[in-house]
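The next block holds one structure in the form of structure tokens; read it before the comments.
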Amino acid sequence: MIKEQFSEAIEQGSVSHAYLLLGEKGMGKKMFARSLCLELFCEHPGENGACLSCPSCKKVISGNHPDVIWLST
């Protein structure tokens, strides 16, 4: 359900400036956040999401995208 809500927000162009993903360790928060970042910043998205090969995707994957800030507690 959450995945669909984020996809809908991306399609409608109503993405917030920040999101907090909270929950127990190991439930996939970071993996979900990375997927969201890839969809948001991909320069050549396709039907299956991010291309994973454009400069923006490569920066997100390597952890060097200037607009992505990772915080953990």
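The values are calculated or read from the model by the stated rules, or taken from the named source; none is laboratory data. Values in this document were obtained by computation on a predicted structure and should not be read as measured data. Cβ atoms come from the backbone with ideal geometry, glycine included; neighbour counts cover every protein chain shown. When the accessible area is computed, the model is the full protein with side chains, heavy atoms only, and any ligands, DNA or RNA have been set aside. Shrake-Rupley method; radii C 1.70, N 1.55, O 1.52, S 1.80 Å.
For (1) open to solvent by less than 70 Å² (accessible area, probe 1.4 Å); (2) more than 11 Å from the chain's Cα centre (by Cα); (3) under 16 Å from LYS3 (Cα atoms), each residue gets a yes or a no:
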site	(1), (2), (3)
LEU20	no, yes, yes
GLU24	no, yes, no
LYS30	no, no, yes
ASN48	no, yes, yes
CYS54	yes, yes, no
LYS58	no, yes, no
HIS65	yes, yes, no
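Return yes when SER72 is open to solvent by less than 100 Å² (accessible area, probe 1.4 Å), hydroxyl-bearing (Ser, Thr, Tyr) and over 24 Å from MET1 (Cβ atoms) and no when it is not.
Values: open to solvent by less than 100 Å² (accessible area, probe 1.4 Å): no; hydroxyl-bearing (Ser, Thr, Tyr): yes; over 24 Å from MET1 (Cβ atoms): yes.
No.
Which residues, counting only those in region 1-43, are over 21 Å from GLY63 (Cβ atoms), of a type outside the set (D, E, K, R) and touching a Ser or Thr at 6+ places or on another chain (Cβ under 9 Å)?
Residue satisfying the conditions is ALA9 alone.
For the subset of region 1-18 comprising residues that are of a type in the set (S, T, N, Q) and under 17 Å from PRO45 (Cα atoms), which member is most open to solvent (accessible area, probe 1.4 Å)? Spell out how you get there, then give the answer.
Taking region 1-18 first, the residues of a type in the set (S, T, N, Q) are 5, 7, 12, 14, 16.
From what's left, under 17 Å from PRO45 (Cα atoms): 7, 12.
Details: SER7: 40, GLN12: 124 Å².
Checked region 1-18; the qualifying residue most open to solvent (accessible area, probe 1.4 Å) is GLN12.
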